[in-house]
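Working notes, structure below.
We did not get these values from a lab; they are worked out from the coordinates using the rules stated. Predicted, not measured: the structure shown is a model, and the values here were computed from it. Here Cβ is always computed from backbone atoms with ideal geometry, including for glycine, and neighbour counts include all displayed protein chains.
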Amino acid sequence: MWNESSTNFGGGFLDESTQGGGTAKKGPQSNDRSIVPVMIKHITSSTTGDLQIAGKTVNTLTFVGIVRNIEQDTTKISFSIQDDTGTVTAVMWLEADKNPAENICTQVNTYVRVYGLLRNQNNQQHVLILRMHPLEDLNELTCHFMEVIYFILKAKKPAEEPTVPHTFDNTLSGMSAEQVTVLEIVRSANNAECGIEKRDILTKVPKNIIPRLDEILDFLLCEGHIYTTSSEDFFKAT
């Protein structure tokens, strides 16, 4: 039967600069210590020693899988753990003052959740176990898949761009410069209760537009860019 208590591993064996066979990294380090849900393929496909998902560097990771093999020696226990995407070795370093049997919280062919750090030894990726416990509910397996998908989609989502004020593109609309001029004059009076009157438009448009104003207003009405309000001589823009 599964031991319901999870196993935590503290002390000197968790010194990241010395354990897991990895090489201590020097220089700038990410301050993001979020625990990131991953699939085993993400771990095994990493070739640089750093795990990156959707451009985000992963420090502490968690994954769910089934234990396929357990090997124990005097200093560590190695678990071969498999999910639908691959198999990875997870290593638990033993504490000198404890019975090794006390550190095995699971058995072969049972599902476990692992929290750990990525390590590289002889060009082989493995996970240094920080904490591991057996699954008590297989719904946690489904939840983990959803968490992985959510993290990837969220990481890929671009930052929201600021709203750009609407600018009228007469090239795309197929409107002439004269038609756009009249439309903008009508739009400028949209705050008025009845909009703008035709005689006021006549005072605002360039002189070369005056002879064609009726034609332009008819075009804008037919295209749905403007509409009449209190009478046929008052207009508002849509």
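The protection proxy used here, the mean number of other Cβ atoms lying within 10 Å of each residue, ranks peptides 66-78, 224-236 as follows, highest first: 224-236, 66-78.
Test of understanding: ordering Leu183, Leu141 by Cβ neighbours within 10 Å, fewest first, what list do you get?
Working: Leu183 24, Leu141 16.
So the residues, fewest neighbours to most, are Leu141, Leu183.
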